[in-house]
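Report on the structure given below.
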Amino acid sequence: MNSLLAKYFDTLETQRAKLLVEIKKASSEQINQQIKGKWSVNQIASHLITAEQLSVSYITKKINAINEVGNTGLLGELKLLFFIISQRLPLKYKAPKTLGEQPRSYSDFMELEKNWDETRQQLNLLLKRFSDNSLRKKIYRHPVMGRCNIIHALIFFREHINHHYPQIRRQL
């Protein structure tokens, strides 16, 4: 795997492990409790997993034609910067329709963790398919940023978790 992709993947795994440790400490009641109609911790985690699953599926489909797409440039970097800033602000955003109105709820923590493990294993295998000269290819389509490269996709995963982490902490 490309060293830059490996670095981003390792960061994602560290971030996920930290989040799962916190969720695992909580009771089933805490994880599944919805406060004032807001998503439960279970649903927030499900939302994160689903976003990654759909992204991995999309990239897996598109990687076969990677040589047919162009590279990202300065505009892509500016969109990414704007996205990072927007995710770090304490603002509420509506989830894209492709994720559904209400995230699913896992029956227990073990199912949630297993599902996320499988998604990350698929992501790891997918990242190994990227050559050094394909890192800037527009292989990913984000609902807000538009066409992005694989590095942008990994940064999105990181920022997406960072965005929802305070929400999970408040619920716990």
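List of remarks:
- Contact map, segment 24-39: first residue closer than 12 Å to residue 172 by Cβ, second residue assigned to a loop (DSSP other than H, G, I, E, B) and of a type in the set (A, V, I, L, M), Cβ cut-off under 6 Å, separation 6 or more or different chains; pairs are 26/172; 30/172.
- When 80, 127 are checked against the criterion of being in contact with a Leu (Cβ under 7 Å, 6 or more places away or on another chain) and surrounded by 11 or more Cβ atoms within 10 Å (Cβ to Cβ), a single residue qualifies: 127.
- In this structure, residue 15 qualifies as within 14 Å of the chain's Cα centre (by Cα), polar (S, T, N, Q) and either under 23 Å from residue 118 (Cα atoms) or in a helix (DSSP H, G or I) (or both).
- Residues (in contact with a Lys or Arg (Cβ under 6 Å, 6 or more places away or on another chain) and part of a helix (DSSP H, G or I)) located in segment 64-80: 66
- Residue in segment 81-96 that is closer than 15 Å to residue 155 by Cβ, of a type in the set (Ser, Thr, Tyr) and part of a helix (DSSP H, G or I) present: yes
- Only one entry of 118, 113 meets the criterion of being assigned to a helix (DSSP H, G or I) and in contact (Cβ under 8 Å) with a residue 24 or more places away in the chain, and that entry is 113.
- Screening the candidates 150, 168 for the property of being at pLDDT 95 or above and surrounded by 14 or more Cβ atoms within 10 Å (Cβ to Cβ) yields one hit, 150.
The values are calculated or read from the model by the stated rules, or taken from the named source; none is laboratory data. Here the structure is a predicted model, which is why all the values come from computation and not from measurement. Don't worry about glycine lacking a Cβ; one is built from the backbone with ideal geometry, like all the others, and counts go over all protein chains shown.
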